[in-house]
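One structure is given here, and the rest of the page talks about it.
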Amino acid sequence: MSSYCDIAPGHPLHGPYHEREYGFPQREEAALFERLLLEINQAGLSWETVLRKREAFRRAYDGFDVDTIADYGQRDRERLLADPGIIRNRLKVDAAIHNAGIVRGLRASHGGFAAWLDAHARPQGRTRDKAAWVKLFKQTFKFTGGEITGEFLMSLGYLPGAHRADCPVQRRIEKLRPPPSWMRAS
């Protein structure tokens, strides 16, 4: 069985994502929201499809600015659903707008999206497992089932498995000592 570490290197889309983003820690709100929005839009499609449309998503969703997206109204929904450059699915568009509002609210309750993730990463000093993350995401966001939540968190290092242990990218990530690190004992 091959892994992303086998198929991504050298690929024009997967390669750069695998080598510079996948599994790397991220703190910036727009980058975190972008990853969530892209993972939601990947549901039922290939990741390559999403990567091909990434720049169109960036333009359509105002650079993934949470405040702007949270304030989208009906005209913006119609614009997004008519944009052939992105995935035009009403449930996914509505989830993006709703989730932007949730992320904006996390600033007041936790200091931001990254701080919210950190606050839930190690309840009672134990690393949160995927099932517990999925439950939390379903309670908090829209359109965040097991695969979406798992890939979102794996892509940021909150869950293990983005890279094989012998992948050179994994060694680069380990040197960054990402907080909260799933590489440390629970």
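The values are calculated or read from the model by the stated rules, or taken from the named source; none is laboratory data. In this text the structure is predicted, and so the values were computed from the model without any measurement. Cβ placement follows ideal geometry from the backbone for every residue including glycine, while neighbour counts extend to all protein chains displayed. Just the protein is used for accessible areas: all its heavy atoms, side chains included, with ligands, DNA and RNA removed. Shrake-Rupley method; radii C 1.70, N 1.55, O 1.52, S 1.80 Å.
How much length, in nm to one decimal, is gained on full extension between Lys138 and Asp67, taken as 0.36 nm per residue of separation minus their Cα-Cα distance? Walk me through the intermediate numbers first.
Working: separation 71, 0.36 × 71 = 25.56 nm, distance 2.17 nm.
Separation in residues times 0.36 nm, less the Cα-Cα distance, equals 23.4 nm.
Which of the lysines could a cross-linker bridge to Lys142, judged by Cα under 22 Å and excluding same-chain residues fewer than eight apart?
In chain and number order, the partners are Lys53, Lys92, Lys130.
Does the stretch 29-87 come out rounded, prolate or oblate by the C-alpha gyration tensor, with a ≥ b ≥ c the root eigenvalues, rounded set by a/c under 1.5 and, if not, prolate when a/b is larger than b/c and oblate if not?
On the way: a/c = 1.93, a/b = 1.26, b/c = 1.53.
It comes out oblate by the Cα gyration axes.
With an 8 Å Cα cut-off and a minimum separation of 6 or more residues, compute the relative contact order for the stretch 92-169 in percent.
Taking the mean separation of contacting Cα pairs over the length of the stretch 92-169, I get 23 percent.
Taking one equal scatterer on every alpha-carbon of the stretch 101-185, how large is log10 of I(q)/I(0) by Debye at q = 0.24 1/Å?
Taking Cα atoms of the stretch 101-185 as identical point scatterers yields -1.27.
Would you please classify the overall shape of the stretch 1-55 from the alpha carbon gyration tensor, given that a ≥ b ≥ c denote the square roots of the eigenvalues, rounded means a/c under 1.5, and beyond that prolate means a/b larger than b/c while oblate covers the rest? Please list the in-between numbers first.
On the way: a/c = 1.84, a/b = 1.30, b/c = 1.41.
Judged from the Cα gyration tensor, the stretch 1-55 comes out oblate (a/c at least 1.5, b/c at or above a/b).
Run the numbers for Ser109 and Glu174: contour at 0.36 nm per residue of separation, minus the present Cα-Cα distance, in nm. List each step's numbers first, then the result.
Working: separation 65, 0.36 × 65 = 23.40 nm, distance 3.01 nm.
This chain segment gains 20.4 nm when fully extended.
How many nm is it between the label spots at Leu45 and Arg59, if each spot is 7 Å from the Cα in line with the beta carbon?
Going from the Leu45 label point to the Arg59 one covers 1.5 nm.
Per residue, what accessible area does the chain have, given a 1.4 Å probe and all protein chains present, in Å²?
50
Taking 0.36 nm per residue of sequence separation and subtracting the Cα-Cα distance, how much length would be gained by fully extending the chain between Leu81 and Arg126, in nm to one decimal? Walk me through the intermediate numbers first.
Working: separation 45, 0.36 × 45 = 16.20 nm, distance 4.18 nm.
Result for the pair: 12.0 nm of gain on full extension.
How large a share of the accessible area of the chain, in percent, is made up of carbon and sulfur atoms when the probe is 1.4 Å and the other protein chains stay in place?
The computed percentage sits at 51.
Can you give me the relative contact order of the stretch 20-137 as a percent, contacts being Cα pairs under 8 Å and 6 or more apart? Walk me through the numbers before you get to the answer.
Numbers: 86 pairs, mean separation 29.0, N = 118.
Relative contact order, the stretch 20-137: 25 percent.
Give me D for the chain in µm² s⁻¹, whole number, from Stokes-Einstein with Rh from the Kirkwood sum over alpha-carbon pairs, 4 °C and 1.567 mPa s.
76
Per 10 Å bin from zero, what fraction in whole % of the C-alpha pairs of the stretch 1-102 is there, up to the bin with the longest pair?
14, 47, 28, 9, 1
Can you give the FRET efficiency to the nearest 0.05 for Leu91 and Glu147, using r as the Cβ-Cβ distance and R₀ = 25 Å? Display every interim value, and only then the final one.
Details: r = 15 Å, r/R0 = 0.61.
Efficiency for this residue pair is about 0.95.
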